[in-house]
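Below is one structure, written out as structure tokens; the observations come after it.
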Amino acid sequence: MALLWAFRGATSRFSGRLLARHSSQAARRGERPGGEELSRLLLDDLAPTPRSAEGLERLFGLSPCLLALRAARRRVARLLLQAGRSGLQGERAELLRAAEARDIPVLRPRRQKLDALCRYQVHQGVCMEVSPLQPRPWTEVGEARPGDDPRQLWLVLEGLQDPRNLGGVLRSAHFLGVDKVITSGRNSCPLTPVVSKASAGAMEVMDLFSTDDLAGFLQARAREGWLVAGTVGCLGPEISSFSEIPVTSCLEFLWDRPTVLVLGNEGSGLSKEVQASCQLLLTILPGRQLPSGLDSLNVSVAAGILLHSICSQRKGFSAEKREQLL
């Protein structure tokens, strides 16, 4: 028993040194820290993405790898398919065919080796060594005049730090028909393989942009005629200083012009500067009286509810099309 406790203590000290070393290395490279919310994430979320000497990272999971190959946005060095799966079928067979068509080397490591390469994430027997994916500058969004399409919807994310939250938001945004996603350049989670896996590969095919001046971006959209709608939790003192901004339930929101929906950080929500740039604040009303600490939703869950309440108002989605999908 004493030996067991000694091992646990050594493991804890090693994990602490690993986390501290990772943070100090990031600081020396000039990367911005994730903030208080990021510091509370599990160590496996904070583990540095494995990089090769060529700056490649390991993308894992069947859907992320397949969609990355289809989108052809990344440079792919090699594909790793778990050995022992006799007669590759379905999407795994499609992966193999696509890799062979592009002359991508294919390796067949055993399960234990693949587990170690993917840092014991859920890889579904598939891994690719690829170049990192970066959001494009928002200046490349191009002109999108409000009169072109009154049902445009852009999603802006300020300071999302949990890679699984970001992935979940991107998956909902892609599923529900968001046109573009813009993230804040500061204090936000990068587009890592964990984000891609959590998004079920949606990150690989979406239009993703970034800006260091989020308030300026929102103010420019408002001048062009867009509605800038922020989001808040249950009505409370956190929005008292912005009482001049109307607040409405997402179920009562009428989507009658191009809209930018803004979601904030997991812990602190929208910054004061960004919230002040909004013309309207949307909220999700709870179904019961809630105790302190349970008065808000996970940001990816809230994103799904908010986006569905807006996107379900699309009139151009014909009954015939709905029947085909059903």
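The values are calculated or read from the model by the stated rules, or taken from the named source; none is laboratory data. All values reported here derive from a predicted model rather than from experimental measurement. Here the Cβ is made from the backbone with ideal geometry for all residues, glycine too, and neighbour counts use every protein chain on show. Keep in mind that these areas ignore ligands, DNA and RNA; they rest on the heavy atoms of the full protein, side chains included. Shrake-Rupley method; radii C 1.70, N 1.55, O 1.52, S 1.80 Å.
Applying the Karplus relation 6.51 cos²θ - 1.76 cosθ + 1.60 with θ = phi - 60° to the stretch 184-193 yields 3J(HN,Hα) values of 6, x, 9, 6, 10, 5, x, 7, 8, x Hz, where x marks Gly and Pro. Couplings 3J(HN,Hα) of the stretch 282-299, computed from phi: 9, 9, 10, 7, x, x, 7, 5, 10, x, 4, x, 10, 9, 8, 10, 4, 4 Hz, in residue order, whole Hz [Karplus 6.51 cos²θ - 1.76 cosθ + 1.60, θ = phi - 60°; x for Gly and Pro]. Given +1 at the Cβ of Lys and Arg, -1 at the Cβ of Asp and Glu and no other charges, the dipole of the stretch 65-111 around its Cα centre is 220 debye to the nearest 20.
The H on the amide N of ARG78, modeled in the peptide plane, is under 5 Å from the matching H of GLU129, each at least 5 residues off or on a different chain.
Enclosing the Cα atoms of the stretch 153-281 in their convex hull gives a volume equal to 105 cubic angstrom per residue. Remark: accessible surface ordering of ARG221, ARG136 (largest first) is ARG136, ARG221, probe radius 1.4 Å. Simple rule: put +1 on each Lys or Arg Cβ and -1 on each Asp or Glu Cβ in the stretch 55-130, find the dipole, and look at GLN82, CYS127, LEU117; the Cα lying farthest toward the positive end is LEU117.
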